[in-house]
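A quick write-up on the structure given underneath.
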Amino acid sequence: MVIETNRMKLLKPIQSSLIAPCGMNCRLCRAYIREKKACPGCYGNDDLKSKSCATCHIKNCEILKRGKFKYCFKCENFPCARMIHLDKRYRTKYGMSMIDNLETIKQVGIRKFIKQEEKKWICPKCGGIICVHKGNCIYCGYNWH
């Protein structure tokens, strides 16, 4: 029952609330996808997240909070050192760029970005979700990398 409920959650369209301030699509994150103690995404309740996610320096950035904007690209310091470090790690390990994601959101808007994400991260074999951290479909195992 938990697996089916999780699958239904993941097959729903991506909501803008699942796009983190850093440009991460939380729906692709292994913490969001996992069955037990699934993370609700960066904008979700911190009590349900791992310590590292709840205390994320980017999500909790004072400039972001003071500026009252949703995405880091609106910050005058974009991309900051933390963002550059995160982007480098994700480009190297997972083949995804947070900075590119944010630049795309800035250029085409969140709705078009989400449509692009839905096409990019859907498994061509079964229609499931490809996990950015694992590089494969969580349902059939199709290897994206």
Applying the selection to segment 37-53, what residues are buried (at least 19 other Cβ atoms within 10 Å of the Cβ) and of a type in the set (S, T, N, Q)? none
Every residue from segment 95-145 that is hydroxyl-bearing (Ser, Thr, Tyr) and within 23 Å of residue 83 (Cα to Cα): 97, 104
Being basic (Lys, Arg) and in contact (Cβ under 8 Å) with a residue 24 or more places away in the chain is the requirement here; does residue 134 meet it? yes
Picking from 56, 72, 29, the residue that is of a type outside the set (Lys, Arg), in contact with a His (Cβ under 7 Å, 6 or more places away or on another chain), in contact (Cβ under 8 Å) with a residue 12 or more places away in the chain and surrounded by 14 or more Cβ atoms within 10 Å (Cβ to Cβ) would be 29
In segment 74-100, anything under 26 Å from residue 135 (Cα atoms) and in contact with a helix residue (DSSP H, G or I) (Cβ under 7 Å, 6 or more places away or on another chain) is listed as 79, 83, 86, 87, 90, 96, 97, 98, 99
Within segment 87-145, count every residue that is closer than 20 Å to residue 15 by Cα and among the basic types (Lys, Arg). 6
Determine whether segment 2-9 contains at least one residue that is modelled with pLDDT of 85 or more, not in a loop (DSSP other than H, G, I, E, B) and not hydrophobic (A, V, I, L, M, F, W, C). no
For residue 128, all conditions in the list (1) under 19 Å from residue 22 (Cβ atoms); (2) surrounded by 14 or more Cβ atoms within 10 Å (Cβ to Cβ); (3) at pLDDT below 95 hold save one; what is the number of the exception? (1)
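The values are calculated or read from the model by the stated rules, or taken from the named source; none is laboratory data. For clarity, every value in this text was computed on a predicted model and none was experimentally measured. Positions of Cβ are backbone-derived with ideal geometry, glycine not excepted, and every protein chain shown enters the neighbour counts.
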